[in-house]
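The values are calculated or read from the model by the stated rules, or taken from the named source; none is laboratory data. These numbers were taken from a predicted model, which means no experiment stands behind them. Ideal geometry is used to build each Cβ from the backbone, glycine not excepted, and the neighbour counts take in all protein chains shown. SASA here: full protein model, heavy atoms, side chains in, ligands and nucleic acids out. Shrake-Rupley method; radii C 1.70, N 1.55, O 1.52, S 1.80 Å.
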Amino acid sequence: MAEQRSPSRPAAAPSPFPGRRGGPGAPMGFGRPKDIRTTAFRLLSYLKHSKLLITVVTVSLLLNTGSTLAGSYFLKPLINTYILPGDFHGLAIALFILGLVYLVGMTAAYLQARLMVKVAQRTINMIRRDLFDKMQDLELRYFDQHPHGELMSRYTNDIDFIQLMLEQSLTQLISSALSFAGAVTLMIILSPTLFIATAIIVGIMALLSTRIGGKSRTHFMQQQALIGQLNGHIEESIGGLREIKVFNHEGGTNDTFRQLNQRFRSSSSQASFLAGMIMPIMINLNNISYAVVAVFGGILTLMGSFDIGSLAAYLQFSRQLGQPITQVTSQFNNILAAMAGAERVFE
């Protein structure tokens, strides 16, 4: 009697993984989030369980940002009111008050970071639990049609991006935006004329940061897609090792792995290179801005239209202004990647 062959194990197959749609290396559909609003509201539904903690984090964030801005602006009265007149007793009191301001900021920063980690861990725990519960209810056909490594990447890479966004990126983005808005407002109050020179360089910084950040974001998204494909191929290669050897697909499997690995290396290199370019460019432009502001501010001071305390405070804000721009671009990329990952998880 002829040996019967299992219907799920055909005699010949073009793929080393019979029954799997598309095979390894098939597109996973990862990219920009298709519906940010829906994904954001769904994430917020998880955050509602931590309302009190988020309220404390928000207050701490405002205190931390406000103390940084207040500390920089405090240079004006320190120099004009106490240092130049020689009032050292008043200077000691003012420095004590300044120390208290920074102490409040440090305490608020600690609370913000500590509590946001707690919020993130609680949220990620609920998302991972719901994802696992959902997978228990799916039909076997779903797992036959999706590589196991790609599904595992939702538990690891995608959820890791969400965790990073909740722990760091979201609060840093809001803090940077508030710091930038506050610094610009105080710089305009100190010297509208001097701010024109600063605004030109800030505009160049924002343009370059947006251009480079956009290209970097594209490569990071490709990198995230490729790591899912690579994991899927590795997992299926190990799980389907018997079929690979039976049908002599070792060469094809190795070729597919090399192609995926090379594409991942190329995408990761480009993403890291472009992301690494942003900081040096911003630092150098910020130094140029600082030098230009110092020259023009010095001229205005010599002409009597600007005081030394205001110049010192303005230079401090000028030094700080480039950092929020760089952070906003960097954290915005992380948030987009997290939203795309969340969208994949919620699928």
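Brief remarks follow.
- Shape of the range 223-328, Cα gyration tensor, a/c cut at 1.5: prolate
- Solvent-accessible ranking of Glu150, Glu235, Glu139, largest area first, probe 1.4 Å: Glu139, Glu235, Glu150
- For the chain, the fraction of 1.4 Å probe accessible surface lying on carbon and sulfur atoms is 64 percent.
- Whether the range 168-256 is rounded, prolate or oblate, judged on the alpha carbon gyration tensor where a/c under 1.5 counts as rounded: prolate
- Here the label points at Asn284 and Arg211, each 7 Å from Cα along the C-beta direction, are separated by 1.4 nm in the simple model.
- Here the sum of -39500 (n - 2.57) over DSSP H runs of 4 or more residues, divided by the residues of the chain, equals -27500 deg cm²/dmol at 222 nm, to the nearest 500.
- Take 289-296, 177-184 and order them by the average number of nearby Cβ atoms within 10 Å per residue, most first; the result is 177-184, 289-296.
- Among Leu62, Leu95, Tyr73 - extreme Cα towards positive end, dipole of the range 34-99, charges at beta-carbon: Leu62
- Taken as entire DSSP H runs, the helices of the chain that both span 24 Å or more between Cα atoms along their own long axis and average -0.5 or more on the Kyte-Doolittle scale are 51-73, 88-137, 170-190, 192-239, 250-302, 308-346.
- Calculated FRET efficiency, Arg42 to Phe88, Cβ-Cβ distance, R0 = 41 Å: about 0.10 to the nearest 0.05.
- Rounded accessible area per residue of the range 155-272, 1.4 Å, Å²: 49
- The structure-derived value of volume of the Cα convex hull per residue in Å³ appears in the list (i) 132; (ii) 144; (iii) 168 under the label (ii).
- Full-extension gain in nm, Lys134 to Thr185, via 0.36 nm per residue minus C-alpha separation: 13.5 nm
- Computed over every Cα-Cα pair of the range 267-309 and binned at 5 Å starting from 0, the pair-distance distribution P(r) comes out as 5, 21, 14, 13, 11, 10, 8, 7, 6, 4, 2, 0 percent.
- Cα gyration tensor shape of the range 165-219, rounded if a/c is under 1.5, else prolate or oblate by comparing a/b with b/c: oblate
- Note on the chain: with a GNM built from Cα contacts shorter than 10 Å, the maximum mean-square fluctuation among Leu140, Leu164, Leu230 falls on Leu140.
- Solvent exposure, largest accessible area first (probe 1.4 Å, DNA, RNA and ligands not counted), of Thr193, Thr68: Thr193, Thr68
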